[in-house]
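**Q** One structure, pasted below without further comment.
The values are calculated or read from the model by the stated rules, or taken from the named source; none is laboratory data. All figures in this text were calculated on a predicted structure; none of them were measured in a lab. FYI the Cβ positions are ideal-geometry reconstructions off the backbone, even for glycines, and counts take in every protein chain you see. When the accessible area is computed, the model is the full protein with side chains, heavy atoms only, and any ligands, DNA or RNA have been set aside. Shrake-Rupley method; radii C 1.70, N 1.55, O 1.52, S 1.80 Å.
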Amino acid sequence: MRKGLDDVCKIAKNGFKTEEILKNVKEWVALLIRHGLDSYSCASWCRQPFYETDFGWGKPTWVCPGAGADENFFTLVDTRDGLGIEAWCALSEQLIDFLEQDEEFLTFATI
């Protein structure tokens with residue numbers, strides 16, 4: 001994985017080329033599969049002006065990602081008041097059960 005990260009950094013210095021990025025992603029995925037590793041992906045919608053958007057019927061009271069996210073994916077979204085962050089998680093039931101019992105996790109999260 002370190003080599004893959006080094007390769008991506010070199011590519012970034014020289015400018016991104018789609019073919020090179022795809023090649024590195026494919027190698028990374030192959031490495032995960034070969035070693036039986038889990039992969040988790042994250043998207044952050046934080047600091048996006050979703051709560052300021054008005055399409056003519058008023059500003060939204062709540063913003064959340066749509067349904068259908070792949071497993072092992074989570075999206076971070078600011079709360080309406082801007083004082084917190086919601087984490088929308090698509091995880092296996094087994095992992096959710098584990099997190100609901102994990103005391104360290106629960107010191108930072110509200111379920």
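**Q** Quick check on my filter: what residues within region 9-49 are surrounded by 12 or more Cβ atoms within 10 Å (Cβ to Cβ), closer than 30 Å to C64 by Cβ and without any contact (Cβ under 8 Å) to a residue 24 or more places away in the chain?
**A** I21, V25, L32
**Q** Turning to a different aspect of this structure: Of all residues in region 57-102 being in a loop (DSSP other than H, G, I, E, B), among the aliphatic types (A, V, I, L, M) and open to solvent by 50 Å² or more (accessible area, probe 1.4 Å), which is farthest from L32 (Cα to Cα)?
**A** L83
**Q** Which residue, of K23, K59, is out of contact with any Pro (no Cβ under 8 Å at 6 or more places or on another chain), of a type in the set (K, R) and under 24 Å from R2 (Cβ atoms)?
**A** K23
**Q** Could you tell me whether any residue of region 60-81 is touching a residue at least 24 places away in the same chain (Cβ under 8 Å), within 22 Å of F108 (Cα to Cα) and of a type in the set (S, T, N, Q)?
**A** Among the residues of region 60-81, at least one is touching a residue at least 24 places away in the same chain (Cβ under 8 Å), within 22 Å of F108 (Cα to Cα) and of a type in the set (S, T, N, Q), which makes the answer yes.
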